[in-house]
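The values are calculated or read from the model by the stated rules, or taken from the named source; none is laboratory data. Quick caveat, the model's predicted, so the values are computed rather than measured. All Cβ positions, even for glycine, are placed from backbone atoms using ideal geometry, and neighbour counts span all protein chains on display. Just the protein is used for accessible areas: all its heavy atoms, side chains included, with ligands, DNA and RNA removed. Shrake-Rupley method; radii C 1.70, N 1.55, O 1.52, S 1.80 Å.
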Amino acid sequence: SQQGEEDPQALSIQEGENATMNCSYKTSINNLQWYRQNSGRGLVHLILIRSNEREKHSGRLRVTLDTSKKSSSLLITASRAADTASYFCATDADGWSGGGADGLTFGKGTHLIIQP
Amino acid sequence: ETGVTQSPTHLIKTRGQQVTLRCSSQSGHNTVSWYQQALGQGPQFIFQYYREEENGRGNFPPRFSGLQFPNYSSELNVNALELDDSALYLCASSTRTFSSTPLHFGNGTRLTVT
């Protein structure tokens, strides 16, 4: 079963604009991670935020986490055509690397299209 | 540093057959996890191997089984294939520590069951 739910399911914006994706989850977590997937290939890790953190930045990425609302958001600033991909949030309840014995629980993803 | 590699990239099998998928972990990683990703869905956890033993398992039947070898490479075996097994199978490696670290994924094997 999928714990996370990304919103929106699909997003199309112009190059240079900012893109915001949201993720909600159901159970308590140790950390939450965001991954990117291009055209059905492997997933690439973008950023990890721990349950005791509220905000994290990495380059053009900004992630927030609200554990009281069980939600997270991913902001991509100054979008580029190369950002076109599917974005997934994944929750880790275990704390052991890679999700431990329970693995990571992924949402269904947001498909982002950046139009030139 | 060598990344995670999976083989084959594509595979077509008939319902009822058996399949073996292979994965080589990223160098320095001792844990391997397998995920199934159906079309339009997020990856679902199948199982994780550490020190050649199954360390945890998702909601998958016993006909999904795995192996991890001393060099940390891994196999995923699926018996009695069903049409719903058609999916992208992803292997991911990591180093087992009690520290939140991300997974490193391969590009997957696309399995089609007809």
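Filtered by the rule that a residue be away from chain B (no Cβ under 14 Å), in a strand (DSSP E or B) and buried (at least 18 other Cβ atoms within 10 Å of the Cβ), the stretch A:74-93 gives A:74, A:76. Reported count of residues in the stretch B:84-93, each being open to solvent by 20 Å² or more (accessible area, probe 1.4 Å) and either closer than 18 Å to residue B:23 by Cα or touching a Ser or Thr at 6+ places or on another chain (Cβ under 8 Å) (or both), is 1.
Of the residues examined, residue B:76 is one that is surrounded by 15 or more Cβ atoms within 10 Å (Cβ to Cβ), in contact with a Gly (Cβ under 8 Å, 6 or more places away or on another chain) and touching a residue at least 12 places away in the same chain (Cβ under 8 Å).
When restricted to residues that are assigned to a strand (DSSP E or B) and open to solvent by 50 Å² or more (accessible area, probe 1.4 Å), the stretch A:34-57 contains 7.
Taken together, B:88, B:67, B:81, B:111 contain a single residue that is modelled with pLDDT of 95 or more and touching an Asp or Glu at 6+ places or on another chain (Cβ under 6 Å), which is B:67.
Can you name the residue in the stretch B:82-91 that is closer than 21 Å to residue A:42 by Cβ and not in a strand (DSSP E or B) and, of all such residues, is farthest from the other protein chains (Cβ to nearest Cβ)? Looking at residues that are closer than 21 Å to residue A:42 by Cβ and not in a strand (DSSP E or B), I get B:85. Note on the stretch A:12-49: residues that are out of contact with any Leu (no Cβ under 8 Å at 6 or more places or on another chain) and within 13 Å of chain B (Cβ to nearest Cβ) amount to 6. Among residues of the stretch A:100-115 being within 18 Å of residue A:41 (Cβ to Cβ) and in a strand (DSSP E or B), the one that is nearest to the other protein chains (Cβ to nearest Cβ) is A:106. Condition check for residue B:62 on (1) open to solvent by less than 50 Å² (accessible area, probe 1.4 Å); (2) without any contact (Cβ under 8 Å) to a residue 24 or more places away in the chain: one failure, at (1).
Could you check, for the stretch B:66-81, whether at least one of its residues is in contact with a helix residue (DSSP H, G or I) (Cβ under 8 Å, 6 or more places away or on another chain) and not in a loop (DSSP other than H, G, I, E, B)? Yes.
Only a single item in (1) farther than 25 Å from residue B:9 by Cα; (2) charged (D, E, K, R); (3) at pLDDT 95 or above is not met by residue A:94, and it is number (3).
Within the option set B:110, B:96, being open to solvent by 20 Å² or more (accessible area, probe 1.4 Å), of a type in the set (Lys, Arg), in contact (Cβ under 8 Å) with a residue 60 or more places away in the chain and closer than 25 Å to residue A:47 by Cβ holds for one residue only, B:96. Considering only residues in the stretch B:14-34 that are open to solvent by less than 50 Å² (accessible area, probe 1.4 Å) and either in a loop (DSSP other than H, G, I, E, B) or within 12 Å of residue B:85 (Cα to Cα) (or both), the one that is farthest from the other protein chains (Cβ to nearest Cβ) turns out to be B:19. It is to be established whether one or more residues within the stretch B:37-59 are touching a Lys or Arg at 6+ places or on another chain (Cβ under 8 Å), farther than 16 Å from residue A:101 by Cα, open to solvent by less than 20 Å² (accessible area, probe 1.4 Å) and in a loop (DSSP other than H, G, I, E, B). Yes, that holds for at least one residue.
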